[in-house]
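Step one of this worksheet: look at the structure below.
Each reported figure results from applying straightforward, stated rules to the coordinates on display, with no laboratory input. Keep in mind that what you see is a predicted model, and the values were worked out from it rather than measured. As a convention, Cβ positions derive from the backbone with ideal geometry for all residues, glycine included, and neighbour counts pool all protein chains shown.
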Amino acid sequence: MKKHVFMCILAICAGAFLFAQKQNTADWSKVDTTAIEVTTEKDGNMTMTIEYIPTTAEARFTYSCPSDDFEQDAAMFAIKKRAGTFSREKGYYSYSYTRPDETSYDYTNEMTLYKCYLQLTK
């Protein structure tokens, strides 16, 4: 009985390894930097930078503000609102997140950076 259970578990693990898929994300280190369109918008103490790659229809939104004023829900709402208008401006109808959002802290300048990675679709 123990051999049968062990063989079933081994077969399930082997199947999981055989059919695992790699996450489809942009490799920003291999992208031609001359093809990246960078837009920066400032609103009060908040700055939003949009890095858009037309060849792959990918965009990286960076929301930055002083660490004392940072609220993650406000950053998420601002990026979601701007992503909707940005995608319509560029002729896209929807977008999807390619990987989880990142929050990083710049302690020397006392800034918080919130990054969001999107794939635009027509």
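Quick check: from the Cα gyration tensor, does region 79-122 come out rounded (a/c under 1.5), prolate or oblate?
Numbers: a/c = 4.35, a/b = 2.31, b/c = 1.88.
Taking the square roots of the gyration eigenvalues as a ≥ b ≥ c, region 79-122 is prolate.
Which GluC sites (Glu not before Pro) in region 39-72 sit in a loop by DSSP (not H, G, I, E or B) and have at most 13 other Cβ atoms within 10 Å of their own Cβ? Walk me through the numbers on the way to the answer.
Working: sites: GLU41, GLU51, GLU58, GLU71; in loops: GLU71.
Taking region 39-72 and a limit of 13 other Cβ atoms within 10 Å, the loop GluC sites (Glu not before Pro) found are GLU71.
Which of the trypsin sites (Lys or Arg not before Pro) across region 36-109 are loop residues per DSSP, with 16 or fewer other Cβ within 10 Å?
On the way: sites: LYS42, ARG60, LYS80, LYS81, ARG82, ARG88, LYS90; in loops: LYS90.
Taking region 36-109 and a limit of 16 other Cβ atoms within 10 Å, the loop trypsin sites (Lys or Arg not before Pro) found are LYS90.
What nm distance separates the two modelled labels at CYS8 and ASP69, each placed 7 Å from Cα along Cα→Cβ?
6.0
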